[in-house]
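Step one of this worksheet: look at the structure below.
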Amino acid sequence: MAVSPGILQELRKESGGEDLDLSWLDRPLAERGLRVAPGKRGLTLEDIATSSYGAIPASTSNQSGRMRGAAPRSDAQHTQMIWPSKAASWSESAMLLYEEAVQRQWSSAVDVPWADLPDLPEEIELAMSQLCTFLTQVEFIAGDVPGKYAPNVSGEYFEIGLFLASQIMDEARHLDVFRKRALANGIGLLQAGPGAIGLLTAQDFTEMASTLHLVGEGFVQSMFRMGEMFAQSEVDKRMFRLAAQDESRHVAFGVMHMKYVIEMQPERRDEIHTYLDRMEGQLGTGSAQAGLTGGGQTGEALAILLGGGTSETQLREGYLKLLAIRKRQVNEYMHRLEVVGLGDRRQRMAPMMQALLN
Amino acid sequence: MADSETQGQPQAAPIAPEIPGIPAPPALDMSWARVPTARPAKPTIGAEGFTLKMADAGEYAYAPDHWPYENDTPRGSYPAKDRGLPAPYTIYEKAEVWAENCADLYEAAIREQWKPATQVSWSSIEPLPDHIEASLDQIFSNISEQQYNSNAVLMGWLKEISYGYHEVKLYLATQTFDQARHVEAFRKRALANGGGLGVQAPGFLSRAVFAAFKFTELTVYVNIIRTAFLLALCERGDAIGRSQADRQLFELTANDLRRHLAYGVEHLRHYLLQGDDAKRRNVRAWLERGEIMLAADLRRDRPLREALILVLGGSVQAGKTALRELRQAQLRRYLRALESATFVGHEQHVNPALTEIIDNP
Ligand SMILES: [Fe+2]
Ligand SMILES: [Fe+2]
């Protein structure tokens, strides 16, 4: 839909109009005439992914900064960093999850009722500080890893880039809220663990979805969802609930990416299994059966929180509950594998995890 | 006594029932509870809640000039004996990333986050003459594309910044999320009112952003040059926008950009004050490069130039005058930012390519 020639002619005839080109109005190379109205959830990315702007190409030769649907220029600068294929990063749920992320942002400063933090026995607060030291340690990694791939995501698939930014924001808030929790009780940070730098070794976006989203964040999500069990007050419950909500989005993004890849490129199944083999090996080898969510010190801290203290009875109770969390982690992991199309992993899973399957 | 951590305790009897394949838990150790980390004072929570600045009080506030740990050890925790793989971080010097205002900007950004889908009065937009709508869309497309570039590249830099400067990484996360929403919001506006996207940008400055070798160089291009120019444009949103929604977009974006500029200015100031002449020389080189690339974009981008002329004036002539005023305002914004960063007197040294396109836009 071009601007009427009459108007253009008049503009050119105006004083000062002689140097106007106006060909971009005369012969627009991008689709025009879109009138997208907001729906129940406002004006969303899905609403505007319509007509040619919603045609997401399976591959692209666009190596410039051009956003999907914009008109090209012949002198636009190129960068070879940009991945040409949709399957390299696409996740069907990215638009929805991004919009949800925007709507469900929260503040670690005011949305957690810090003033209500009760005075609890020191051993309990020590254990909470230890758990939060572990959590605050690994949270940035979950932002650094997706960030690493953002420069490769083409403007043709910009929704993926936007989702990654929302995950980076969420992880920052997680780092921050767990740090605050460790510092709120007069104890402070405690023993750092071996950390999660290994996740940064990912060499491929789908490898990242397998190792970070499906396994790493998946296990953390299951644990946060059971936060009621080890939370010591409304403050902790709220903190874990809010964090769990965010993790669900990250996990869902990765799951939907893997599902897409396995559907579009079934030849990658074996390769993806090897990433999971590696993760399960790492996760299964931790001592004190704590490897599934951190080092031995985190397992012990969790057991103390779950059992309500350090007496033998309490610890026994704590480790039993911890085992229940592990079971849930492994079974929810298995469920995600089924969703992405890797249900055959039930037979291939590391024995220590297999033992916990229903 | 973290040293006792790996020595273990005498094996006591297992305390939970065994499941085949699952080792029994060990006896109580709690060496992690005896590590010599600082005990902070309990905070008194005020109206702003429990802020990062309050949390990182006392010893926890101290960010050393050089961060010594190569993994993800949180600042203030007791480092593990087994730290696993050294991370790929390359930035361990405070001078390369620090800005004194990060913790405050981080909390401010979270307080001020807005939601493009629901907080912009999309239904306030009325149909406009085709050439005006198309011109607005050209401007919106340009902003969306610029912010996508800033955002994508910045996200890629996070893995370079070591863990000790968490305030910086936290702040930068808010900046990426702001930029993502700018990409989103302006694209939505371009598609909402009978229009579509315009022509892509030439991409000279975007290419420089990709090619930045140093983090401070990146912030010079993104947080100083691009942001100052974009901010001055958004601050004229009343003259550009035609609806309440347009004005909201410009106003909310400007508010975010002021934080981005504030980080850029504070960081540049810190970088310059920590250093010697060499640092000043670096900044001069980056500014020159950024100015040349920006000038190339402005000179080549005819659709953007003409869109601004058509939108800013009631007539072509008036539009041209208004465009020159806009360009001058942008340059002033930029120079003022440099002055605040203690880089004074630059108005005499702006690259001629840029002054030329400012004077004859
Ligand atoms: Fe997280
Ligand atoms: Fe996450």
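Per-residue answers, yes or no, for (1) over 23 Å from the mean Cα position of the chain (by Cα); (2) farther than 21 Å from B:THR219 by Cα:
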{"position": "B:ALA278", "(1), (2)": "yes, no"}
{"position": "B:ARG281", "(1), (2)": "yes, no"}
{"position": "B:LEU294", "(1), (2)": "no, no"}
{"position": "B:GLN330", "(1), (2)": "no, no"}
{"position": "B:LEU335", "(1), (2)": "no, no"}
{"position": "B:PRO352", "(1), (2)": "yes, yes"}
{"position": "B:ASP359", "(1), (2)": "yes, yes"}
Odd one out for A:ALA2, checked against (1) out of contact with any Pro (no Cβ under 8 Å at 6 or more places or on another chain); (2) of a type in the set (Gly, Ala, Ser); (3) open to solvent by 20 Å² or more (accessible area, probe 1.4 Å): (1)
Residues of segment A:211-266 that turn out to be near ligand 2 (Cβ under 9 Å from one of its atoms), in contact (Cβ under 8 Å) with a residue 60 or more places away in the chain and not acidic (Asp, Glu), as a count: 8
Test: B:ALA278 is more than 18 Å from B:LYS214 (Cβ to Cβ) and either surrounded by 18 or more Cβ atoms within 10 Å (Cβ to Cβ) or at pLDDT below 95 (or both): no
Tally, over segment A:225-245, of residues that are more than 16 Å from ligand 1 (Cβ to nearest atom) and under 13 Å from the mean Cα position of the chain (by Cα): 0
Qualifying residue in segment B:18-38 (condition: at pLDDT 95 or above, open to solvent by 90 Å² or more (accessible area, probe 1.4 Å), closer than 20 Å to B:HIS166 by Cα and more than 7 Å from chain A (Cβ to nearest Cβ)): no
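Working carefully through the options A:ARG249, A:ARG268, find the one that is within 16 Å of ligand 1 (Cβ to nearest atom), modelled with pLDDT of 95 or more and surrounded by 15 or more Cβ atoms within 10 Å (Cβ to Cβ).
A:ARG249
Results for (1) closer than 18 Å to A:THR206 by Cβ; (2) more than 10 Å from ligand 1 (Cβ to nearest atom); (3) of a type in the set (A, V, I, L, M), shown as yes or no for each residue.
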position	(1), (2), (3)
A:LEU135	no, no, yes
A:GLY143	no, no, no
A:SER154	yes, yes, no
A:GLN167	yes, no, no
A:ALA172	no, no, yes
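Conditions tested, residue by residue: (1) polar (S, T, N, Q); (2) closer than 30 Å to A:TYR319 by Cβ.
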| position | (1), (2) |
| --- | --- |
| A:LYS86 | no, no |
| A:SER89 | yes, no |
| A:TYR98 | no, no |
| A:SER107 | yes, no |
| A:VAL110 | no, no |
| A:ILE124 | no, yes |
| A:PHE134 | no, yes |
Test result for B:ARG247, under 23 Å from B:THR176 (Cα atoms), within 12 Å of another protein chain (Cβ to nearest Cβ), surrounded by fewer than 20 Cβ atoms within 10 Å (Cβ to Cβ) and of a type outside the set (Asp, Glu): no
Residue under evaluation B:ARG207, criteria (1) modelled with pLDDT under 95; (2) open to solvent by 40 Å² or more (accessible area, probe 1.4 Å), criterion not met: (1)
Filter pass, B:ALA13 being surrounded by fewer than 19 Cβ atoms within 10 Å (Cβ to Cβ), touching a Pro at 6+ places or on another chain (Cβ under 8 Å) and at pLDDT below 95: no
Condition broken by A:SER248, with the remaining ones in (1) farther than 26 Å from A:ALA303 by Cβ; (2) within 16 Å of the chain's Cα centre (by Cα) satisfied: (1)
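Just to be sure I understand, how many residues within segment B:111-150 are hydroxyl-bearing (Ser, Thr, Tyr), facing chain A (nearest Cβ under 7 Å) and within 24 Å of B:VAL311 (Cβ to Cβ)?
Keep residues of segment B:111-150 that are hydroxyl-bearing (Ser, Thr, Tyr), which gives B:118, B:121, B:123-124, B:135, B:141, B:144, B:148, B:150.
Narrowing the set further to residues that are facing chain A (nearest Cβ under 7 Å) leaves B:118, B:123, B:141, B:144, B:148.
Narrowing the set further to residues that are within 24 Å of B:VAL311 (Cβ to Cβ) leaves B:123, B:141, B:144, B:148.
Matching residues across segment B:111-150 total 4.
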Unique match (being more than 9 Å from chain A (Cβ to nearest Cβ) and hydrophobic (A, V, I, L, M, F, W, C)) among B:VAL183, B:VAL153, B:VAL168: B:VAL168
Tally of residues being in contact with a helix residue (DSSP H, G or I) (Cβ under 6 Å, 6 or more places away or on another chain) and either of a type in the set (A, V, I, L, M) or crowded, with 20+ Cβ neighbours inside 10 Å (or both) across segment A:18-52: 10
Test: residue in segment A:65-80 that is hydrophobic (A, V, I, L, M, F, W, C) and surrounded by fewer than 19 Cβ atoms within 10 Å (Cβ to Cβ): no
Residue list for segment A:311-334, restricted to those being under 21 Å from B:ALA27 (Cβ atoms), among the hydroxyl-bearing types (Ser, Thr, Tyr) and buried (at least 17 other Cβ atoms within 10 Å of the Cβ): A:TYR319
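Table: residues versus (1) within 16 Å of ligand 1 (Cβ to nearest atom); (2) within 30 Å of A:THR310 (Cβ to Cβ); (3) out of contact with any helix residue (DSSP H, G or I) (no Cβ under 6 Å at 6 or more places or on another chain).
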position	(1), (2), (3)
A:THR60	no, no, no
A:HIS78	no, no, yes
A:GLU92	no, no, no
A:GLU125	no, yes, yes
A:VAL138	yes, yes, yes
Any hit, segment A:22-44, residues being modelled with pLDDT of 95 or more and more than 9 Å from chain B (Cβ to nearest Cβ): no
Members of segment B:190-222 found to be among the β-branched types (Val, Ile, Thr) and under 15 Å from the mean Cα position of the chain (by Cα), listed by number: B:VAL209, B:THR216, B:THR219, B:VAL220, B:VAL222
Tally of residues being facing chain B (nearest Cβ under 7 Å), open to solvent by 10 Å² or more (accessible area, probe 1.4 Å) and either away from ligand 2 (no atom under 16 Å from the Cβ) or under 30 Å from A:GLN63 (Cα atoms) (or both) across segment A:117-139: 1
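The values are calculated or read from the model by the stated rules, or taken from the named source; none is laboratory data. Note that this is a predicted model, so its numbers are computed, not measured. Here the Cβ is made from the backbone with ideal geometry for all residues, glycine too, and neighbour counts use every protein chain on show. In case anyone asks, the SASA skips ligands and DNA or RNA and just uses the protein heavy atoms, side chains included. Shrake-Rupley method; radii C 1.70, N 1.55, O 1.52, S 1.80 Å.
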